[in-house]
Amino acid sequence: MDARLARIIFCPDCQCELAGATDHLQCTNCTRIFRIESGVPIFRDGPVQTIPPEHRSNALGAEFEELLRDGSDLILHIGAGATSRKYPNCVELEYNVFANTDVVGDAHALPFRDGIFDRVFAFNVFEHLAQPAKAAAEIWRVLKPAGAVTVHSAFLQPLHEAPHHFFNATEFGLREWFDQFEIEQCRVSGNFGPGMMLGFLLSGIMSAVAQSDVSKEALAAISDSKIGEWAGFWAGTQPPPPAFGVLQSLPQSAQAKVAAGFELIGRKRPK
Ligand SMILES: [Zn+2]
């Protein structure tokens, strides 16, 4: 394991020192043992997958690549995925082992000391966290005073990476998760513009339909429908487009990927 990494990692359970060995680390306080696989310390339970090195995630964007290339900031990249290049001043944390992963861990319990990073990146991670506010508090903990966080998180996106897709947040929800931070900006970045939203949602609808048992005619009715027809129907100025009934009668498994919301009925569990 990299010597610099060894100096900044920490028990994620009790935030105490770890004692090193070649194949595992052990917390000097709670005695929990963390295995090391191919030089990567594993700070979470359960099986860890090794993702084939040819796998590539989406490019980060020029402004973020520039910060990484500059190298003056120590950066934690949460959910880095399969980055195309390894930067020496960036610690990549992932849930599984990708080509450049430094540490496998859980964003809800970061295995790092307090106040050590200049910057944290978390792109397309927060919608996949069961307790996003807890993860935001962890980012706050590991940042230096005045350290910066940059987050990209889902708003109008279809279900993806199920069942690990928990929250689609509005701007106000995202601000709420990060309310410990001084928020300098909360804007729609180019990768999330309304054109991207339409493409992503409509592609989600088409694939949900294609995976359902619908006729070629029904598929064509959806594909050929016009945005103006749907908007006019919602505004009450025209009847529903012919494809409306097709979408409304898709199986629940398909509807759940692209629905406007869910109905939940619960019952108090007896003690
Ligand atoms: Zn511990």
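The values are calculated or read from the model by the stated rules, or taken from the named source; none is laboratory data. Everything numeric in this text was worked out from a predicted model, so none of it was measured. Don't worry about glycine lacking a Cβ; one is built from the backbone with ideal geometry, like all the others, and counts go over all protein chains shown.
Listed conditions (1) modelled with pLDDT of 90 or more; (2) assigned to a loop (DSSP other than H, G, I, E, B) are all met by residue 59, apart from (1).
Taking (1) in contact (Cβ under 8 Å) with a residue 40 or more places away in the chain; (2) surrounded by fewer than 10 Cβ atoms within 10 Å (Cβ to Cβ) in turn, residue 10 satisfies each apart from (2).
When we screen 176, 161, 138 for residues that are closer than 21 Å to residue 200 by Cβ and out of contact with any Phe, Trp or Tyr (no Cβ under 7 Å at 6 or more places or on another chain), the only hit is 161.
Taking the listed residues 98, 64, 112, the one that is assigned by TED's automatic domain parsing to the domain that holds residue 129, within 16 Å of the ligand (Cβ to nearest atom) and of a type in the set (Phe, Trp, Tyr) is 112, with no other qualifying.
Of the residues 145, 163, 158, which single one is surrounded by fewer than 16 Cβ atoms within 10 Å (Cβ to Cβ) and part of a loop (DSSP other than H, G, I, E, B)?
163 is the lone residue from the list that is surrounded by fewer than 16 Cβ atoms within 10 Å (Cβ to Cβ) and part of a loop (DSSP other than H, G, I, E, B).
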